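Written out below as structure tokens is the structure these notes cover.
The values are calculated or read from the model by the stated rules, or taken from the named source; none is laboratory data. For clarity, every value in this text was computed on a predicted model and none was experimentally measured. Here the Cβ is made from the backbone with ideal geometry for all residues, glycine too, and neighbour counts use every protein chain on show. When the accessible area is computed, the model is the full protein with side chains, heavy atoms only, and any ligands, DNA or RNA have been set aside. Shrake-Rupley method; radii C 1.70, N 1.55, O 1.52, S 1.80 Å.
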Amino acid sequence: KTFEKKEHNKFVTAFVVLLVSCLFLGGVAWAGFFVLQPRGTFSEEDVVLSVAGDEKVIYGKEMQYRIRYKNAQKVPLGSAVLQVRYPKGFVYRDSSVTTTNDTHDEWALGALSSDASGYIDIKGKMTGDRGSKQSLRAFLNYKPANFSSEFQKVATFTTEVTGAPVTLAVA
């Protein structure tokens, strides 16, 4: 007719509450770190730099390189600078964007917003031995908006001197 209340061990109850709390907080932390990742994260693979041009040129003839750059992500890039190392024997003539130095191998692109892109055309003449291969190297130095470090993207393009505009024959 009467209920008797049995004494519970307070240590076991506290241990169970602590265990359940730890499991719950661990689940929330896992969901926060792996499932609910922020959308504005920086990825170096989404910064694109490429070089195109004539693979084979005739000695002394005018040629052109096109350097393309693109920020294919949501994070804007600040203070982007493009630097070029010309192939041995290349003589610079003109470019579609004004250079920032006297050696004509650096362009200040400024800030690149998300999904911003552009290109620079470089014109000049190539000299060198017949059959020699020389490469142009382009470096894009930039600082993402959510980082304080500077990053660099590199692209190369190889050109071969195939012939001369004049042939000399001795008889």
So Phe42 ticks every box in (1) at pLDDT below 80; (2) surrounded by fewer than 12 Cβ atoms within 10 Å (Cβ to Cβ) but one. Which box is left unticked? (2)
Residue match in the stretch 71-87 (condition: in contact with a Pro (Cβ under 7 Å, 6 or more places away or on another chain) and polar (S, T, N, Q)): no
Which of the residues that make up the stretch 93-128 are closer than 20 Å to Met63 by Cα and outside any strand (DSSP E or B)? Ser96, Val97, Thr98, Thr99, Thr103, His104, Asp105, Thr127, Gly128
Scan Ala164, Ala108 and give me the residue that is surrounded by fewer than 16 Cβ atoms within 10 Å (Cβ to Cβ) and either over 20 Å from Val51 (Cα atoms) or of a type in the set (Phe, Trp, Tyr) (or both). Ala164
Answer residue from the stretch 64-92, given it is aliphatic (A, V, I, L, M), buried (at least 18 other Cβ atoms within 10 Å of the Cβ) and outside any loop (DSSP other than H, G, I, E, B) and is modelled with the lowest pLDDT among those: Leu77
Search result, residues across the stretch 53-63 that are assigned to a strand (DSSP E or B) and either open to solvent by 60 Å² or more (accessible area, probe 1.4 Å) or polar (S, T, N, Q) (or both): Lys56, Ile58, Glu62
Is there any pair linking a residue in the stretch 145-169 that is under 17 Å from Ser43 (Cα atoms) to one that is modelled with pLDDT of 90 or more and aromatic (Phe, Trp, Tyr), with Cβ under 9 Å and at least six apart or on different chains, and which? Glu150/Tyr142; Phe151/Tyr142; Gln152/Phe139; Gln152/Tyr142; Lys153/Tyr69; Lys153/Phe139; Lys153/Tyr142; Val154/Phe139
